[in-house]
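Undergrad: I'd like to ask you about the structure that follows.
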């Protein structure tokens with residue numbers, strides 16, 4: 001599957017606004033996107049993903065002691081134009097680097113900012129990072145400066161309004177009496193795909209840098225270290241579930257994912273202002289309009305628990 005489609009895959013049970021009445025759009029007639037981007041869900045997910053990641057980067061920066069930079073392909077790709085985003089992944093595929101998994105963010109000490117910026121400039125800027133091998137001496141030095149790496153996830157939910165929020169964990173038969181919640185419980189979780197978990201573990205072991213998963217909701221965000229995530233899976237406290245994912249072009253695939261209860265995560269960030277949901281659209285050359293909602297404004301503030309995690313890593 002093309003890396004652009006992989007980056008914008010959405011779980012089928014979360015698809016709500018795919019606008020099926022438009023029907024399939026022939027590749028040759030769709031001006032904006034050779035990947036046949038048909039559903040507003042995918043555009044909205046892309047917009048929210050970009051917004052939430054930028055919010056977390058700003059939250060780290062505003063805390064004063066640390067700063068974060070996009071590192072993985074999805075993070076450093078163009079964020080204002082979905083067509084430019086798609087072309088970026090085209091270039092990545094042509095370079096033979098599309099299958100490489102890298103964390104979305106790297107977090108650094110603020111005292112190292114000048115040295116880090118100098119290294120990035122010598123590499124050609126942030127957008128060139130995915131095209132540079134990690135065994136390159138300059139790239140290796142950049143990773144050395146980092147204190148943690150971060151994989152970013154997001155959900156279109158107000159976490160504090162979910163029915164299972166504040167519901168305590170209880171012994172579950174399917175978990176052999178271990179604490180958990182029913183499979184049908186609707187609550188905030190930190191989600192990671194099984195295939196990504198393995199790849200992130202390999203990255204962490206290779207570079208000896210702790211990896212965390214940061215999952216942003218509309219109102220709050222949670223963090224979970226990769227080490228703890230592995231431990232929860234190994235103990236049988238969290239089991240994998242099979243989910244059907246759909247790509248913008250219509251292709252579907254089944255993937256095993258892990259949903260870690262927010263009870264096991266640390267509170268990462270809280271909202272400091274409501275974002276605006278702004279109507280937007282793209283139009284193909286035949287006049288078909290594809291509306292979607294993008295996110296603007298708002299703000300996030302790191303929690304004391306998140307600062308403690310970063311300070312611990314910095315030592």
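Undergrad: Restricting to the stretch 102-127, what's the tally of residues that are modelled with pLDDT under 90 and either part of a helix (DSSP H, G or I) or more than 24 Å from residue 309 (Cα to Cα) (or both)? First the steps, then the outcome.
TA: Let us first name the residues in the stretch 102-127 that are modelled with pLDDT under 90, namely 102, 127.
Narrowing the set further to residues that are either part of a helix (DSSP H, G or I) or more than 24 Å from residue 309 (Cα to Cα) (or both) leaves 127.
Going through the stretch 102-127 one residue at a time, the tally reaches 1.
Undergrad: Mind counting the residues in the stretch 105-122 that are in contact with a helix residue (DSSP H, G or I) (Cβ under 8 Å, 6 or more places away or on another chain) and either under 18 Å from residue 210 (Cβ atoms) or free of Cβ contacts under 8 Å to residues at least 40 places away in the same chain (or both)? Full working, then the answer.
TA: From the stretch 105-122, those in contact with a helix residue (DSSP H, G or I) (Cβ under 8 Å, 6 or more places away or on another chain) are 105-109, 112, 115-116, 119-120, 122; that's our starting set.
Now restrict to residues that are either under 18 Å from residue 210 (Cβ atoms) or free of Cβ contacts under 8 Å to residues at least 40 places away in the same chain (or both): 105-109, 112, 115-116, 119, 122.
Within the stretch 105-122, residues that are in contact with a helix residue (DSSP H, G or I) (Cβ under 8 Å, 6 or more places away or on another chain) and either under 18 Å from residue 210 (Cβ atoms) or free of Cβ contacts under 8 Å to residues at least 40 places away in the same chain (or both) number 10.
Undergrad: Additional query: Considering only residues that are modelled with pLDDT of 95 or more, farther than 17 Å from residue 202 by Cβ and touching a helix residue (DSSP H, G or I) at 6+ places or on another chain (Cβ under 8 Å), which ones fall in the stretch 128-157?
TA: 138, 141, 142, 145, 147
Undergrad: Out of (1) surrounded by fewer than 22 Cβ atoms within 10 Å (Cβ to Cβ); (2) in a helix (DSSP H, G or I), the odd one out for residue 59 is which?
TA: (1)
Undergrad: Those residues that are part of a strand (DSSP E or B) and surrounded by 17 or more Cβ atoms within 10 Å (Cβ to Cβ), I need them from the stretch 234-243; list them, please.
TA: Here is the first cut: in the stretch 234-243, the ones part of a strand (DSSP E or B) are 240-243.
Residue satisfying the conditions is 243 alone.
Undergrad: Also, I was wondering about something else. Looking only at the stretch 171-182, decide whether some residue is at pLDDT 90 or above and under 28 Å from residue 300 (Cα atoms).
TA: no
Undergrad: Does residue 93 meet the test of being under 19 Å from the mean Cα position of the chain (by Cα) and surrounded by 13 or more Cβ atoms within 10 Å (Cβ to Cβ)? First the steps, then the outcome.
TA: Numbers: under 19 Å from the mean Cα position of the chain (by Cα): no; surrounded by 13 or more Cβ atoms within 10 Å (Cβ to Cβ): yes.
Against the criterion (under 19 Å from the mean Cα position of the chain (by Cα) and surrounded by 13 or more Cβ atoms within 10 Å (Cβ to Cβ)), residue 93 does not qualify.
Undergrad: In addition: What number of residues within the stretch 162-185 are outside any loop (DSSP other than H, G, I, E, B) and touching a residue at least 12 places away in the same chain (Cβ under 8 Å)?
TA: Taking the stretch 162-185 as the starting set, the residues that turn out to be outside any loop (DSSP other than H, G, I, E, B) are 170-171, 173-175, 179-180.
Among the residues that remain, those that are also touching a residue at least 12 places away in the same chain (Cβ under 8 Å) are: 174-175, 179-180.
Qualifying residue count for the region: 4.
Undergrad: Out of the residues in the stretch 64-84 meeting the condition of being surrounded by fewer than 20 Cβ atoms within 10 Å (Cβ to Cβ) and within 16 Å of the chain's Cα centre (by Cα), tell me which one is modelled with the lowest pLDDT.
TA: The first filter runs over the stretch 64-84 and keeps only residues surrounded by fewer than 20 Cβ atoms within 10 Å (Cβ to Cβ), leaving 64-65, 78-81, 83-84.
Filter again for within 16 Å of the chain's Cα centre (by Cα), leaving 78-79.
Working: 78: 74, 79: 71.
Among residues in the stretch 64-84 that are surrounded by fewer than 20 Cβ atoms within 10 Å (Cβ to Cβ) and within 16 Å of the chain's Cα centre (by Cα), the one modelled with the lowest pLDDT is 79.
The values are calculated or read from the model by the stated rules, or taken from the named source; none is laboratory data. As the structure is a computational prediction, the values presented were derived from the model and not from experiment. With ideal geometry, Cβ positions are generated from the backbone for all residues, glycine too; neighbour counts draw on all protein chains shown.
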